[in-house]
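Values in this text are rule-based calculations from the coordinates and carry no lab data. Owing to the predicted nature of the structure, the values given are computational and were not obtained by experimental measurement. Cβ atoms come from the backbone with ideal geometry, glycine included; neighbour counts cover every protein chain shown.
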Amino acid sequence: MKIFLANTYSSWRGDILENYMKIYLAGTLTGNNSYIYRDMNVHLVDLKRIKKDMEIFIARGNCGWMTGKEIKFNDFLDIYILESFFYLDDWMKVLIKKKVFKRFLLDSGAFTFMTGVGGEVNWEEYVDKYAKFIKEYDVELFFELDIDSVVGLKKVEELRGRLEEKSGKRCIPVWHKSRGKEYFIKMCEEYNYVAIGGIVTKEITGREHKHFPWLIDIAHQNNAKIHGLGYTNLKGLKKYHFDSVDSTAWIYGNRGGYLYKFTGNTLKQIQSPEGLRLKGREAAIHNFQEWIKFQKYADKNL
């Protein structure tokens, strides 16, 4: 199973990827990782405490790649990344153009519009820009605009056709349960990669996850791969054999005050010691690295 790390678009999250080549972290709550925490009364990050626990080889995005010494792109990011077209920054576009990721998934930004953040939009113009980017940057895997709840299924199908015509490529259609079982079967018959949406928004409730095996089996019977959008329930990943999923969970440890630790076959959460709080950037880098370890494990074992 391939796990794509998602939601990298904000400035500090982007900085983690932009400046990241190889990160070496060891230890847990004390010792080598003690720099991740700060006393609740301390307001400034003491960079001296970081010392040599983390070795970062810098590669700039849109500020010039060849400053100082040559960058080996093959060593840059051997990981799976999902990014939203709605939030793409210039530095990320360079990485996409250079094809430094092991595999890259482009999301249409539909979720942004479903949550009401995207505002008013001319869908035809948006699709045309989306398609132009896909064609110009030779993006292989990208999702349709599954905005059923915003414009209705018929319009979604029209936009899908326009997207594929303008890009010259087949997209990944995203099934929602409102489309029904027969529609899902048809999708699997016509496409070699399909996705399940509505998991993050609870359109598909926890009790309905028991139907995942049927959806997965139908896809595989038709020689189609299946992606679970936003599904990274750690126990569920071992139970439901999606071909790929994506996760924003690596960014939430910082918000929740805990670190992720890869155990060898899963991730566990380590809460901040009493009286200490996480340093946002350092904790995010640590969690990002631990999720990469889990990503590599899942690629071979799930």
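General observations
- Phi angles of the stretch 238-252 translate, via the Karplus equation with coefficients 6.51, -1.76, 1.60 and θ = phi - 60°, into HN-Hα couplings of 7, 8, 10, 8, 5, 6, 7, 9, 9, 9, 9, 4, 4, 8, 8 Hz per residue; Gly and Pro are given as x.
- Amide proton proximity set for Ser84, modelled H, under 5 Å, gap of 5+: Asn7, Thr8, Asp107
- The amide H of Asp78, built 1.01 Å from its N in the peptide plane, has no neighbour under 5 Å, considering only residues 5 or more places off or on other chains.
- Under 5 Å between amide hydrogens, built in the peptide plane, is the criterion, and for Tyr193 it picks out Lys225 among residues at least 5 positions away or on other chains.
- Taking Cβ atoms as reference points and 13 Å as the exclusive limit, the residues near Glu182 contribute a net charge of +2, counting Lys and Arg as +1 and Asp and Glu as -1.
- Trypsin sites (Lys or Arg not before Pro) within the stretch 165-241: DSSP coil, no more than 14 neighbouring Cβ in 10 Å: Lys202
- In plain terms, the chain from Lys93 to His241 could stretch by 50.2 nm, reckoned as 0.36 nm per residue minus the Cα-Cα distance.
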